[in-house]
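The values are calculated or read from the model by the stated rules, or taken from the named source; none is laboratory data. Quick caveat: nothing in here was measured; it's all calculated off a predicted structure. Heads up, the Cβs are rebuilt from the backbone with ideal geometry, glycines too, and the neighbour counts pull from every protein chain shown. In case anyone asks, the SASA skips ligands and DNA or RNA and just uses the protein heavy atoms, side chains included. Shrake-Rupley method; radii C 1.70, N 1.55, O 1.52, S 1.80 Å.
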Amino acid sequence: MKQVKAWSGRFGFLAVIFLLSGCFGNENLSALDPKGPQAQWIYDNMILSLYIMAFVTLVVFAIFFYIIAKFRRKEGDNEYPKQVHGSTVLEITWTVIPILLLLVLFVPTIIGTFDFAESQAPEDVEDAVYIDVTGHQYWWQFDYEEGFTAGQEVYIPTGERVYFTLNATDVIHSFWVPALGGKIDTVPGIENTLWLEADEPGTYMGKCAELCGPSHALMDFKLIALERDDYDQWVEDMAAKADVEQPEDSSVQQGYEVFQENCISCHAVSGPGSASGPTLTNFGDRNTIAGYLDNTDEQLKAWIRNPDDFKQGNNMVPFPESEISEDEMDSLVAYLRSLNVRDGENAE
Ligand code: CUA
């Protein structure tokens, strides 16, 4: 029995280390490494509640062991001790102390919760950024006020609050960028709001945090924070792309035609909004395919050939060689690569 306990203890410890290394191993996917004011607030409150819990545990155990030692049966104790019932002082003490401790947690929690749900910038803030987020099985749509849409990767300026309005088309998802802030559900028919702020430019990993189907665990996205100037440039470039239908580069003309024939009914490459699949206006800039696969030509081809191999239950139809020949596939990939506004600046 002792052996089993020792081993389970060791296993538990290893499990904790393993989990923590998982948190820190993934780039910017840790709520324990906050990179923005909201995440910092969550972290601080987590630590505060941890201290309170540690304090309670210590006090309870101290009293527990004191009582075990002091009131244990001693040599010659052969009679029942004096029996007591009820103690008003004790009852009040152990009611009031937890209430005070809960208040210490309650007040900042309520203030923060209302602050984070703020959906509008204060009036003195110019150029505040508003982005509509829509959760789909299993991808994310980001609509910008400037009349364009991005899929899977949301760009924001650094050092300011960015206001998100969140919604879903099919089932409930949850939008979560752990390094920047709290998660919030995206619910069909309901508009939720949340702001996030990134202290430094960088790529932050996001997750769907609500079980939404077989590929829920793969419903990843990226939040890319740029310096304000770079962000403005990005918006300008994306807005300019929103009007472009034909490829500017004639070498990808064949791929464009393959795309028009097979893909356009689900994927837009310009303009606002989306059909049933992710908008691909800046697909060539993406770090990943389908939110989590390395964006290489081989992966891209394999994905188009049979998406269900990678993301079970997604809505994209497969394109075997009988639909798109190997030649056409090469040209399609070249065309998709040409859909970019940042000339591969995101590649890491
Ligand atoms: Cu969407 Cu889980």
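The table below lists the values:
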{"read-out": "Top positive-direction residue, dipole computed over the chain with Cβ charges, set Ala117, Gly147, His136", "value": "Ala117"}
{"read-out": "Partners for Lys74 among aspartates and glutamates (Cα-Cα distance below 18 Å; same-chain residues under 8 apart left out)", "value": "none"}
{"read-out": "Coordinate range along principal axes, alpha carbons of the chain, Å, largest first", "value": "101, 57, 35"}
{"read-out": "The range 154-302: translational diffusion in µm²/s, Stokes-Einstein, Kirkwood Rh over Cα pairs, 10 °C, 1.306 mPa s", "value": "93"}
{"read-out": "Residue-normalised accessible area of the chain, expressed per residue, 1.4 Å probe, Å²", "value": "57"}
{"read-out": "Theoretical ellipticity at 222 nm over the chain - DSSP helices of four or more residues, -39500 (n - 2.57) apiece, nearest 500", "value": "-13000 deg cm²/dmol"}
{"read-out": "Protein-only accessible surface order, largest first, of Cys266, Cys212 at 1.4 Å", "value": "Cys266, Cys212"}
{"read-out": "Straight-distance crosslink candidates among lysines, where the alpha carbon sits under 24 Å from Lys35 and sequence neighbours closer than 8 are dropped", "value": "Lys183, Lys207, Lys222"}
{"read-out": "Where Leu58, Leu105, Leu332 fall by accessible area, highest first, once all protein chains stay in place (1.4 Å)", "value": "Leu58, Leu105, Leu332"}
{"read-out": "Percentage relative contact order, the range 150-270, counting C-alpha pairs under 8 Å, at least six apart", "value": "25"}
{"read-out": "Theoretical FRET efficiency, 1/(1+(r/R0)^6), r = Cβ-Cβ of Asp243 and Asn315, R0 25 Å, to 0.05", "value": "0.35"}
{"read-out": "Accessible-area composition of the range 200-342, carbon plus sulfur, in percent [1.4 Å probe]", "value": "47"}
{"read-out": "Extension gain from Thr95 to Phe114, taking 0.36 nm per residue of separation minus the Cα-Cα distance", "value": "4.0 nm"}
{"read-out": "Estimated FRET transfer efficiency when R0 is 56 angstrom, pair Gln299-Asn78 (beta carbons, to 0.05)", "value": "0.10"}
{"read-out": "Tensor-based shape of the range 215-316 (alpha-carbon gyration tensor, a/c under 1.5 rounded, otherwise prolate or oblate)", "value": "oblate"}
{"read-out": "Highest-MSF residue in the chain out of Trp94, Trp140, Trp41 [GNM, Cα springs under 10 Å]", "value": "Trp94"}
{"read-out": "Asp249 accessible area, assembled protein chains, probe 1.4 Å, Å²", "value": "80"}
{"read-out": "Chymotrypsin sites (Phe, Trp or Tyr not before Pro) lying in DSSP loop within the range 54-93, provided at most 13 other Cβ fall within 10 Å", "value": "Phe71"}
